[in-house]
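What follows is a short report on a single structure.
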Amino acid sequence: MITEQDNRFIKRAIELSEKGMDSQAGGPFGAVVVKNGEIIAEGFNAVTSSNDPTAHAEVVAIRKACEKLGSFQLDDCIIYTSCEPCPMCLGAIYWARPKAVYYACTKEDAAEIGFDDHFIYDEIDKKIEDRNVKFINLDREEGRKVFKKWEEKEGRVDY
Ligand SMILES: [Zn+2]
């Protein structure tokens, strides 16, 4: 069920998408993180202004929210975003573990204005040797020694 609050928060995410765009921060995308009925963090796309390809609205908002909460998880949080998340943000959302995501525009709407992330979804399904970016496996055994140490590490913080 969509509540009055949900409508208010999604409107704020859309407002941020316009604010970011108008202030030359980046593309027209905004997001907020809500906990217990209150906005705890806001973000808009800042890719071009910060020279940060990962500065998508959702990632910006998630980073701020986690910093504020002093946690690497968004327990009981809800993300409202002006557009359906791209694969990177989708990954970030799953790692952050909010309880729900509300979005306004769809990824098809974004593709129509030149933000097509379909090529990334396509890459995920490909075999590693068939991907457009070259992925080369190197020194696996040496890398795995550190993994082994992690398994045996005392006082490690699992997540
Ligand atoms: Zn994204």
List, please: which pairs have Cβ atoms under 9 Å, are six or more places apart or on different chains, and start with a residue in the range 135-159 that is within 27 Å of Glu123 (Cβ to Cβ) and end with one that is surrounded by 10 or more Cβ atoms within 10 Å (Cβ to Cβ) and among the β-branched types (Val, Ile, Thr)? Phe135/Ile128; Asn137/Ile128
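From the set of residues in the range 85-121 that are of a type in the set (Gly, Ala, Ser) and within 11 Å of the chain's Cα centre (by Cα), which is nearest to Lys35 (Cα to Cα)?
Ala96
When the range 1-34 is examined, which residues are found to be buried (at least 16 other Cβ atoms within 10 Å of the Cβ) and part of a loop (DSSP other than H, G, I, E, B)? Lay out the reasoning, then the answer.
We begin by selecting, within the range 1-34, every residue buried (at least 16 other Cβ atoms within 10 Å of the Cβ); these are 9-10, 12-14, 16-17, 20-21, 25-34.
Scanning the range 1-34 gives Ala25, Gly26, Gly27, Pro28, Phe29.
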Pairs only if they're at least six apart or on different chains, beta carbon under 8 angstrom, first in the range 85-109 and at positive phi, second of a type in the set (A, V, I, L, M, F, W, C); list them, first residue then second. Arg97/Leu74
Checklist (1) within 12 Å of the ligand (Cβ to nearest atom); (2) in contact (Cβ under 8 Å) with a residue 40 or more places away in the chain applied to Val34, failing item: (1)
Tell me, which helices (runs of 4 or more DSSP H) wholly within the range 47-159 include 2 or more residues that are in contact with a strand residue (DSSP E or B) (Cβ under 7 Å, 6 or more places away or on another chain), within 13 Å of the ligand (Cβ to nearest atom) and under 28 Å from Lys11 (Cα atoms)? 57-69
Condition first: more than 27 Å from His56 (Cα to Cα), modelled with pLDDT under 95 and of a type in the set (Phe, Trp, Tyr). Now tell me which residues in the range 117-156 satisfy that. none
If you go through Thr106, Thr81, the only one that is more than 17 Å from Glu42 (Cα to Cα) and β-branched (Val, Ile, Thr) is Thr106
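The values are calculated or read from the model by the stated rules, or taken from the named source; none is laboratory data. Predicted model only: the values in this text are computed from it and were never measured. We place every Cβ from the backbone using ideal geometry, glycine too, and count neighbours over all the protein chains shown.
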